Amino acid sequence: MLRKLCLEIGQSLADEDQYLFYFGGITVIEKVLEYLNTGRGEEMTEEMNRCSYAQSLLAGKQTMELNSQYHTPEAIVRIMSEITGEELDETFRMFPPFYTDFGRNIHIGRNVFINSGCHFQDQGGIYIGDDALIGHNVILATVDHDLDPYDRHNCYAPIRIGNRVWIGSGAIITKGVCIGDGAVIAAGAVVTRNVAENTVVGGVPAKLIKKIEK
């Protein structure tokens, strides 16, 4: 499917080996992920940028498949495994629709639940721990832009969500944020700084509300 998408965006491929090297073969996609995960996205070559764009197109098609009809829980696990490129645990649960513009840098633990309407902008990396609960319409954004109005290049940093975290509906988590185990993010919060384990945060920007006593 990725090869077909590359052809659709006007690339001329001499043979399958050329496709595998330039567009989505494991070597190139791994190289793209390496650059994104080390904050060097702006250093990617033209070929790597084409591969990244083709992956985004593929993610769009895959999420359209996910969102456009009913799927059994088992089928959702399969489709999300295809989107992320990793085999998700059978305990994973999701209520579509779900949106991502890349897909291959999402990493999901065991017994995770994602409610409907979530948007994952994952180029910078999204890591979700075991037993996490993610509410309706949550946005995880691992990309922003430089403040220089003449050089608004992309800036990438991962979002790391610990085990047993609960993120309330409509929360926004920005790039580079780590959320500690057992934390709760209140509905509608905008989280721009790290969150300590076993705490409740809320507001815009999010601030400590209380600590959770075990």
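The values are calculated or read from the model by the stated rules, or taken from the named source; none is laboratory data. Please read these numbers as outputs of a predicted model, since none were measured by experiment. When we count neighbours, we look across all protein chains shown, and the Cβ atoms used for this are built from the backbone with ideal geometry, even at glycine. Keep in mind that these areas ignore ligands, DNA and RNA; they rest on the heavy atoms of the full protein, side chains included. Shrake-Rupley method; radii C 1.70, N 1.55, O 1.52, S 1.80 Å.
Can you pull out the residues in segment 193-214 that are part of a loop (DSSP other than H, G, I, E, B), closer than 16 Å to Gly129 by Cα and either open to solvent by 40 Å² or more (accessible area, probe 1.4 Å) or aliphatic (A, V, I, L, M) (or both)? Outline the logic, then answer.
Looking only at segment 193-214, we keep the residues that are part of a loop (DSSP other than H, G, I, E, B), and these are 193-194, 196-198, 203-206, 212-214.
With closer than 16 Å to Gly129 by Cα added as a condition, the list becomes 194, 196-198.
Result: Asn194, Ala196, Glu197.
Give the number of residues within segment 108-134 that are closer than 16 Å to Asn37 by Cα and part of a loop (DSSP other than H, G, I, E, B).
Selection size over segment 108-134: 4.
Specify the residue that is nearest to Asp146 (Cα to Cα); the eligible residues are those in segment 156-192 that are open to solvent by 60 Å² or more (accessible area, probe 1.4 Å) and over 18 Å from the mean Cα position of the chain (by Cα).
It comes out as Ala187.
Of the residues in segment 137-190, how many are among the aromatic types (Phe, Trp, Tyr) and without any contact (Cβ under 8 Å) to a residue 40 or more places away in the chain? Talk me through it step by step, then tell me what you get.
Filtering segment 137-190 for residues among the aromatic types (Phe, Trp, Tyr) gives 150, 156, 166.
When the remaining residues are screened for being without any contact (Cβ under 8 Å) to a residue 40 or more places away in the chain, the result is 150, 166.
Of the residues in that region, 2 qualify.
All but one of (1) out of contact with any Lys or Arg (no Cβ under 9 Å at 6 or more places or on another chain); (2) surrounded by 17 or more Cβ atoms within 10 Å (Cβ to Cβ); (3) modelled with pLDDT under 95 hold for Asp148; state the number of the condition that does not hold.
(2)
Of everything in segment 135-159, what is touching a Cys at 6+ places or on another chain (Cβ under 9 Å), in a strand (DSSP E or B) and under 20 Å from Met94 (Cβ atoms)? Give them in sequence order.
Ile139, Leu140, Ile159
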